[in-house]
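Asker: After the structure tokens below, expect a handful of questions from me.
The values are calculated or read from the model by the stated rules, or taken from the named source; none is laboratory data. These numbers were taken from a predicted model, which means no experiment stands behind them. Quick reminder, even Gly has a Cβ in these numbers, built from the backbone with ideal geometry, and neighbours come from all protein chains shown. Accessible surface areas use protein heavy atoms only, side chains included; no ligands, DNA or RNA. Shrake-Rupley method; radii C 1.70, N 1.55, O 1.52, S 1.80 Å.
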Amino acid sequence: MFARSILAALAACLLSTPAWGQSRAVAVTFDDLPYQAADAELCDPARAMALTEGFVDMLRPLESRAAVFVNEGKVCEAQRATLLPALLGVWLDAGLDLGNHTATHINIHRSTVEAYLADVDAGAPASRAALAARGRSLRFFRHPYLFTGETPEKKAAIAAGLAERGYQVAPVTIDNNDWIFAAVYRRAEAAGDETLKTRIGEAYVAHMTAVLDHWEPYSAELTGGREPAQVLLLHAHTLNRDWYPRIHALYLARGYRFVTLDEALADPVYAHADDYVRANGVSWLHRWTFSEGRPIRWEPEPPKWIVEAYGAQN
């Protein structure tokens, strides 16, 4: 892996340029906080804190300026009142922003609008309090699975409910399958197979390179040839704890500035109409492409051996 000090220096250099001095910009986001880990780990204060601090320690020198999205219900009820605020404080004290990802990562396609919005509300208290203690507010919401509703009526009702609650939806332009790689990586970790972990990590970096090769020209088709500010979806798990620095370096090498989610969403492309209504979750680039009446071109899938390994353990 690249030395973190070198990455930090590169990031600082790029961030010192004028706001739109470079043509490429990306807002990094991590979903499923406190962590993609076993329930037992997230209910063990020492283990949960170690996972959180390890991830944040990795991020801190890179200055990715990330926003992170929380499922408050991932921490067991017995520990939630004390452990969750402590975990969220680690992220906030590192300068990251928090958003709501619902309490339980609810699937809108298997629930009513009322149940979904109740889960949104249940996903806010600890995050809102942690932000308020630092003079900040809870503003962003990210849909679990990127599902926004499988009927026009459901989609409209959810959008209205989120707006009434004062949330700004955090879209995703660069979607990928990091969670599939991460599940296979956790299995290799449990087996203590360092060789397999390295093979998975290298395949992950190669996949993320192929993903960028797809999304960059695809996004420019919506903006007359200009690549818009991107929003990258990743997740908080051990694969990214160990391999995100390589992803960060990949973006630096391709000329990206790391911007906040607020800065990215100021790009005019995020005002584009979204008429996409399907029972699946996709990048907003696909949604906008569909809304313009043009055919969607799907992003690359993970290597077959990763998909097969994931399927074998699930």
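Asker: Please determine whether any residue of segment 248-256 is in contact with a Ser or Thr (Cβ under 8 Å, 6 or more places away or on another chain), at pLDDT 95 or above, exposed (fewer than 15 other Cβ atoms within 10 Å of the Cβ) and closer than 16 Å to LEU212 by Cβ.
Answerer: yes
Quick grid of which residues meet (1) of a type outside the set (Gly, Ala, Ser); (2) under 20 Å from PHE141 (Cα atoms); (3) crowded, with 21+ Cβ neighbours inside 10 Å:
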site	(1), (2), (3)
PRO34	yes, yes, yes
PHE55	yes, no, yes
VAL70	yes, yes, yes
GLN79	yes, no, no
THR82	yes, no, no
ALA86	no, no, no
GLY89	no, yes, no
LEU92	yes, yes, no
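Asker: Do we have any residue at all in segment 267-290 that's within 27 Å of ALA156 (Cβ to Cβ), assigned to a loop (DSSP other than H, G, I, E, B), touching a residue at least 60 places away in the same chain (Cβ under 8 Å) and basic (Lys, Arg)?
Answerer: yes
Asker: OK, next. Among the numbered conditions (1) of a type in the set (A, V, I, L, M); (2) over 27 Å from ALA190 (Cβ atoms); (3) at pLDDT below 95, tell me where ALA78 comes up short.
Answerer: (2)
Asker: Let me ask you something else. With the requirement that a residue be part of a loop (DSSP other than H, G, I, E, B), within 24 Å of LEU51 (Cα to Cα) and open to solvent by 20 Å² or more (accessible area, probe 1.4 Å), what does segment 117-145 give you?
Answerer: Residues satisfying the conditions are ALA133, ARG134.
Asker: Right, something else. Name the residue that is farthest from ASP178 (Cα to Cα), counting only residues in segment 146-158 that are open to solvent by less than 30 Å² (accessible area, probe 1.4 Å) and not in a helix (DSSP H, G or I).
Answerer: Ranking the candidates gives GLY149 first.
Asker: Can I ask one more? Right, ARG246: assigned to a helix (DSSP H, G or I) and over 28 Å from PHE147 (Cβ atoms) or not?
Answerer: For ARG246, the condition - assigned to a helix (DSSP H, G or I) and over 28 Å from PHE147 (Cβ atoms) - is met.
Asker: Still on this structure, I have one more. What number of residues within segment 57-68 satisfy the criterion of being more than 25 Å from PRO144 (Cβ to Cβ), in contact (Cβ under 8 Å) with a residue 12 or more places away in the chain and open to solvent by 10 Å² or more (accessible area, probe 1.4 Å)?
Answerer: Adding up the residues that qualify gives 3.
Asker: Would you point out which residue out of VAL277, VAL307 is open to solvent by 10 Å² or more (accessible area, probe 1.4 Å), modelled with pLDDT of 95 or more and in contact with a Pro (Cβ under 8 Å, 6 or more places away or on another chain)?
Answerer: VAL277
Asker: I need a count of the residues in segment 232-287 that are more than 16 Å from the chain's Cα centre (by Cα), of a type in the set (Gly, Ala, Ser) and under 30 Å from ALA50 (Cα atoms).
Answerer: 1
Asker: Of everything in segment 199-215, what is of a type in the set (A, V, I, L, M, F, W, C) and open to solvent by less than 20 Å² (accessible area, probe 1.4 Å)? Give them in sequence order.
Answerer: ILE200, ALA203, VAL205, MET208, VAL211, LEU212, TRP215
Asker: For segment 96-116, name all the residues that are touching a residue at least 24 places away in the same chain (Cβ under 8 Å), in a loop (DSSP other than H, G, I, E, B) and small (Gly, Ala, Ser).
Answerer: ALA103
Asker: Select, from GLU263, GLU301, the only residue that is touching a strand residue (DSSP E or B) at 6+ places or on another chain (Cβ under 8 Å) and either open to solvent by 40 Å² or more (accessible area, probe 1.4 Å) or in a helix (DSSP H, G or I) (or both).
Answerer: Selected residue: GLU263, the only one of GLU263, GLU301 that is touching a strand residue (DSSP E or B) at 6+ places or on another chain (Cβ under 8 Å) and either open to solvent by 40 Å² or more (accessible area, probe 1.4 Å) or in a helix (DSSP H, G or I) (or both).
Asker: So, in segment 159-198, of the ones that are in a helix (DSSP H, G or I), among the aromatic types (Phe, Trp, Tyr) and in contact (Cβ under 8 Å) with a residue 60 or more places away in the chain, which residue ends up surrounded by the fewest Cβ atoms within 10 Å (Cβ to Cβ)?
Answerer: By that ranking, first place goes to TRP179.
Asker: Follow-up question, since we're still on this one. Is there any pair linking a residue in segment 18-40 that is at pLDDT below 95 to one that is surrounded by 18 or more Cβ atoms within 10 Å (Cβ to Cβ) and among the basic types (Lys, Arg), with Cβ under 7 Å and at least six apart or on different chains, and which?
Answerer: GLN22/ARG257
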